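The values are calculated or read from the model by the stated rules, or taken from the named source; none is laboratory data. Note that the structure is predicted; figures quoted are calculated from it, not measured. Cβ sites come from the backbone with ideal geometry, for glycine too, and all protein chains shown count toward neighbours. The area values use the complete protein model at the heavy-atom level, side chains included, leaving out ligands, DNA and RNA. Shrake-Rupley method; radii C 1.70, N 1.55, O 1.52, S 1.80 Å.
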Amino acid sequence: MAYNDLREWISAMERAGELKRVRAEVDPVLEVTEITDRVSKSTNGRGAGGPALLFENLKGHPGSKLLINQFGSARRMNMALWVDSPEEIAERLRTFMDVKSPQGLLDKIKMLPMLADLGKFFPKTVPTGPCKEVIRKDGFSLLDFPILQCWPKDAGRFITLPCVISRDPRTGKRNVGMYRMQVYDERTTGMHWQRQKIGAEHYREALRNAAAAGANPSTAEHQRSAAVDIMASTSGGTRAAGEQPKGRMDVAVAIGTDPALTFSAIVPAPPDVEEFMIAGFLRQKPVELVKCETNDLEVPATAEIVLEGYVNLDELRTEGPFGDHTGFYSLEDQYPVFHVTCITHRKDPIYATTIVGKPPMEDAWMGKAVERIFLPLMKLTIPELVDVNLPVDGVFHNLMIVSIRKSYPGQARKVMNAIWSLGQAMFTKCIVVVDEDCDVQNIQEVVLRSFNNIDPERDIQFVMGPVDSLDHASRLPNYGSKMGVDATRKWKEEGFVRPWPDVIVMDEDVKKRVNELWKKAGL
């Protein structure tokens, strides 16, 4: 069974030799980052990533503990999800997606076990939980926790591994997202939900509702449109005088949840699918939730720390710079402000965090797990897709390599456009499409195929559209160009009339004979 909470997960890592306790005094300002960066880029004899680190002597925070790099290797990523490989989860997804409508009583009976399994995924509300062991409505401070300043030019300390919980004002559906939070003072932080994030859409919907509230029918739509214009994204705009919607939106933040729930907060799930249910699918048992003390949201009952509060709909504040996963500092911008109204936590809470920067780091292993797990969902929309590789050094949104089963001319370009229409994949800066016999996980082979198979003027296409907010090279914030490379074999129907050479491959019989000779030859 999956882990009930962070503490069970820590114990499992320690038993497996995957966790190192650090008892020397370490400063959460910069020093934790430097130590973790070295560890996450090491091999340590266990494959890239080094061990998880539990800091037990943090400067300025006596008695506090800090966990970092918990997902920082392929082995721990598999352990976190209770599998030998992420492909196991992908296969479970395929099973559910292949279900057909029952045609008779026998089919319905066969579906009963699957329906029973589905019942395990839904979260359930419980009266209380460990996160309520200490309830602080007065006299609390965010600065009591060992929150990191990661890099020298960061604007301050940042909460980097939060499960941010919000509710859709229209549908009531909950969302759990992971958005960094710059600590401004004891009770306020930034809320860095970029415009494509579901939390940002909840905020925009709250803005629309606030703008329309109280307006007469003739002006209601105008007010709603004004709210959309004012906040077309959650960053980069200044609201015009007289167009500031009043009101607030409830938000809660869970820090230090079980690993499946933490991972669920980063997955590119459809907006209508709650991350609590995704976590239940990964855990094969429901997430237990408890109601907040000062707002109407529910939070994970076993979380180490819960921050309750709200964002004002008429308040933006400068957030950043921040050393980001691109390897560069993301620049300062305007984002909503989160006001903390209550903190609840376990006794002696463990502060869970992460760092990002030049890859590879902990987020690399999380991103590769997402790539493997969600490949079946991509194939639903793009059935000719064979495999996908998001290279770690491409920081996931800069480069995607895909192999396809090509069956008609122009298909590589069709696939590019299909990818650019898929959720967060729309931000992919460069897409390289190769034939199905090319192993996209083998970068040497991809480079060999790509640069041999293209005529640059013919096979590279550029499109304009939305780009990632962290793309510092785009001509405008959030808007720029993207590139597709058709590195497939060219067909006569695509205007290629020259002979296309075969790839050099040794005869299989010869390879078998040499396999037998290999040891005899002392090679």
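Listing for the model above:
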| read-out | value |
| --- | --- |
| Difference of contour (0.36 nm per residue) and Cα-Cα distance, Asp144 to Arg21 | 42.2 nm |
| Cα centre as origin, Lys/Arg/Asp/Glu Cβ charges: region 318-469 dipole, Debye | 380 debye |
| Entries of Lys173/Lys291; Lys197/Lys429; Lys173/Lys347; Lys20/Lys59; Lys124/Lys347 with Cα pairs more than 25 Å apart | Lys173/Lys347 |
| Residue-normalised accessible area of the chain, given per residue in Å² at a 1.4 Å probe | 46 Å² |
| Potential lengthening between Ala473 and Leu523 on full extension [0.36 nm per residue; Cα-Cα distance subtracted] | 13.0 nm |
| Reciprocal of mean inverse Cα separation for region 268-341 (Kirkwood radius, Å) | 15.5 Å |
| Net charge over other residues, Cβ less than 11 angstrom from the Cβ of Gly480 (K, R count +1; D, E count -1) | +1 |
| Straight-distance crosslink candidates among lysines, where the alpha carbon sits under 19 Å from Lys519 and sequence neighbours closer than 8 are dropped | Lys511 |
| Sites Gln424 and Gln284 - FRET efficiency at Förster radius 30 Å, r taken between beta-carbons, to 0.05 | 0.70 |
| Farthest positive-ward along the chain dipole, Cα basis, beta-carbon charges - from Phe322, Ile10, Ser141 | Ile10 |
| Alpha carbon convex hull of region 1-95, volume per residue in cubic angstrom | 112 Å³ |
| For the chain, calculated [θ]222 nm from helices alone, where every DSSP H run of n ≥ 4 adds -39500 (n - 2.57) | -8500 deg cm²/dmol |
| With DNA, RNA and ligands ignored, accessible area of Glu91 (1.4 Å probe; Å², nearest 10) | 100 Å² |
| Heavy-atom accessible area order for Leu390, Leu476, largest first, 1.4 Å probe | Leu476, Leu390 |
| List Arg75, Arg195, Arg458, Arg346, ordered by accessible area with a 1.4 Å probe, largest first | Arg75, Arg458, Arg195, Arg346 |
| Fraction of accessible area attributable to carbon and sulfur, the chain (%, probe 1.4 Å) | 54 percent |
| Kirkwood hydrodynamic radius over Cα pairs of the chain, then Stokes diffusion coefficient at 10 °C and 1.306 mPa s, in µm²/s | 63 µm²/s |
| Efficiency of FRET from Cβ geometry, Asp185 and Asp314, R₀ 22 Å, rounded to 0.05 | 0.70 |
| Cα-based helix-to-principal-axis angle, 508-520 vs the chain, degrees rounded to 10 | 80 degrees |
| DSSP-defined antiparallel bridges as percent of all bridges, the chain, nearest 5 | 75 percent |
| Where labels lie 7 Å past Cα in the beta-carbon direction, separation of Lys414 and Gln461 in nm | 1.2 nm |
